[in-house]
Every structure is written in structure tokens, then in C-alpha cells.
Amino acid sequence: MKFSKNAIIGIVVIGTIAILIWGVNFLKGFNMFSSEQIFYARYERVDGLKNSSPVTLRGFKIGQIRSIKFNNALANHLIVEFSISNEYKIPSNTTARIVSSDIMGTKEIKLITGTSKEILQSGDTIKGNIEGDLKEQVSMQMLPLKRKAEKLMSSVDSALSVIQYVFNEETRENLAQSFSSINTTIKSLERTSITLDTIVTGQKSHMENIIVNVDSITGNLKDNNKNITKILQNFSSISDSLSGAEIAQTILQAKQTLQNANQILNKINTGNGSMGMLLNNDTLYMNLEAASNSLTNLLIDLKNNPKKYMHFSLFDTGKTVYLKAEKNKKKQNKDKAVFYQIQIMSSLSQISVDDPAFKRYRNIEEIYFNGRYKYTIGDSQNYKEIIRKLKKVKQDFPDAFIIKITPEDL
């Protein structure tokens, strides 16, 4: 079969165009006749990375950069598209780092593989980061030295400031005065030594007399040696008499007495014994106070109700007054037993239980008795408990006292 000249020219032109397209793509890093994986990485900057830059794995080129463009969603990020041959399997936790491939600063992408068993698929995005350039690395190395140099210069400046402050004009004048004073002191010492030498020379005869007198005293002591011996013997006999007086035993007995007294005081302080319990235990005080309050209540009841205690048929000694209070249902249901309350206030006129005069206290009870309104708090059958409560109440109501409620009063 024969082709025409025009057909042959057309085939040649189409082939040439196809080869040209393939060559251009090959130079750009696109191999149209081989299967590749496409991956993406995102960076804040690319630092000189460009199309057709190599992609390496452990120093071996396995792909090329296909394109670099801005991210449409994040305008301050760049998306780098690169291709890798299908024969390489990349773990999912791999990092694509932009590094310098030579001393001239040519950039490439270095894949740092992870240990994940999951494999990235074509079209996935790999985590990207950037290796610091030579300037940044030098700066990081020099930064500690710079900081130390700055601290050293600051210390030197501080030291110079201190020296300048210490050796100011006033200090220099003080030093000059000090040296002058030292010179004057030395001259005074010289004059003093000359004066002492003159005194010693002039009083030489007196010193000789003193030495003669000392020699005479020693001679007298030698001559009266026997008398001194007798005096010492007399002192010895006196000390024997003192020893026979049993002073040591007397002191020992006094010490023992003090120890016994100390033990007694310790027992009293700790509450042991009758005296200690009397001083440290408030039970006796409470009982005495209870007896006093009971006696007061008895006298008041005796005054108001004499017929309860004196039974005379011929004389009417007075009317009988009973303490009757309006109790709530809970009070009406109480056991028939004696209980105690604390009267904090009384008045001729009625006072509201919410009045500020009652301060922070609640459950105030009102009792009308003998023409007066009496206000009480507390309700206890334990007298010790009501005594303790009275001590607290007296801080706010100094005139408060305990009243006794008997079954007959209810």
C-alpha cells in the first residue's frame, strides 16, 4: 500500500509534535509512559524549591516536583505536588522535608519515612516541614554565645558602675583624709613612745624602790610562815566542822521537798486528786451554780406560791401563782419531766420574736407571767448542757438566767 506524499508529511508532523510534547513533559518531570503516584505537601514557604526539583528517599531520587501553587483555602500556605514511582510504598506517618541538596543551596524534598504499617495512597497529603538554612543554623549555634556575651558585658558594665560609684570625688577625698589621718596617728605614736621612754627613764629610781618593797614583802611572808600555817590549820578545822554539820544532807532533803512539791503541783495541774479535780474540773462549779439557781427559783416560787409550802387553815397567806405558758403542740406532747430554759429578756409590752433586739437567735418563746412578757430560748432536760449554753448567751445578754419548768407549770 502506497501513501501519498501529503500523508507521509502529516504522519511525520504528528510524530514530531508527539515527541516534542513527550520531551517537554519529560523535562518537566512527567513521564507519560510510566505509572506514578501523586502526593501533596503543604508548606508556609518553599525557600527556593521549584518545579522538577528531585524527591529523594535516603539520598536516592524516587520522584520529582510537578507543581507549586498557593492553597485556595489558606492563602498563606503553598501546596507542592510531586510524583513518586509506583514501586515505592510510603508509610502514612512519613514527613516531606525541604532540605538543601548541595552547598549552593539547591532545594529538594527529602522523605523521612515513619514506622506506620498503613500505606499512603495516590492523592494523599504528606506532612511537610522545612529544614533551617545555613544562616538559621549558625544563628542557633551562636545564640547561646551571644546571650553569654551580653550577660558578661552587662556584668562588666555593672562592675564598672560600682567602681565608678565607689571611687567618686567624695570617696577620693575621704581616702586622702584617711591617709592623712594614718600619717598623723603614726606621728602621735612616735611622740607617745618618746614620752614613755622619758617617763621610764625619769621614774627608774621609783621602780627600783617598788622592786625592793616587793622583795621585803616576800621576806616577811617567809618570816611569818609558821603563823600562816596556823591560820590555814584553823580554816581546815572550820571546814571539818562545816562538813560535820551535814549541810549536804540538808540541801538534799530540801531538794527532795521541792521535788515532792513539784509533783503535787503537776498533779493539781493535770487534774489528779481532789484538789486537781476541784481546780480543773468545772463540774463542781456547775453543780454549785445549779444549786444556786435552784435555790433562787425556790425562793421565787415560795414568794409567789406560799400555799404550796405552808398549809394553814386559819390564815390566807396569799394567792397561788402558777407559771403557765402557751406551748405549741410539740411542748404539749413532751414527757412529764423537768426541763430548763434561758430567759434573755422581759418587757411590760409585747415584743415581736423577729425583732432585731433578739439578734441572731431563733426559736424565741414568749411567756406571759405576772403582768410581764418573758422571752426564753433553749429547751433541755440536761442542766449541764443548759449551763454551757447560758455561758454563750451571756455574751449577748449579760442579764440572762436559767428558769426551771416543772410538770406542774405546764
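The values are calculated or read from the model by the stated rules, or taken from the named source; none is laboratory data. None of these values were measured; they are calculated from a predicted model. Every residue, glycine as well, gets a Cβ built from its backbone with ideal geometry; the counts of neighbours run over all protein chains shown.
Quick check on K324: is it among the basic types (K, R) and modelled with pLDDT of 65 or more? No.
In a residue-by-residue description of the stretch 385-392, the property of being modelled with pLDDT under 90, basic (K, R) and more than 46 Å from the chain's Cα centre (by Cα) applies to no position.
Matching residues to (1) surrounded by 14 or more Cβ atoms within 10 Å (Cβ to Cβ); (2) at pLDDT 90 or above; (3) closer than 16 Å to D124 by Cα:
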residue	(1), (2), (3)
R45	no, no, no
N51	yes, no, no
G63	yes, no, yes
A73	no, no, no
F82	yes, yes, yes
E87	no, no, no
T95	yes, yes, yes
S100	yes, no, no
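Any residue at all in the stretch 121-133 that is at pLDDT below 85 and of a type outside the set (G, A, S)? Within the stretch 121-133, one or more residues are at pLDDT below 85 and of a type outside the set (G, A, S). Test Y373 against the stated conditions and say whether it is farther than 22 Å from S292 by Cα and part of a strand (DSSP E or B). Spelling it out, Y373 is indeed farther than 22 Å from S292 by Cα and part of a strand (DSSP E or B).
Checking the structure you have, find out if any residue of the stretch 382-399 is among the hydroxyl-bearing types (S, T, Y) and surrounded by fewer than 17 Cβ atoms within 10 Å (Cβ to Cβ). Spell out how you get there, then give the answer.
Step one: list which residues in the stretch 382-399 are among the hydroxyl-bearing types (S, T, Y), which gives 383.
Filter once more, keeping what is surrounded by fewer than 17 Cβ atoms within 10 Å (Cβ to Cβ): none.
No - not one qualifying residue is present in the stretch 382-399.
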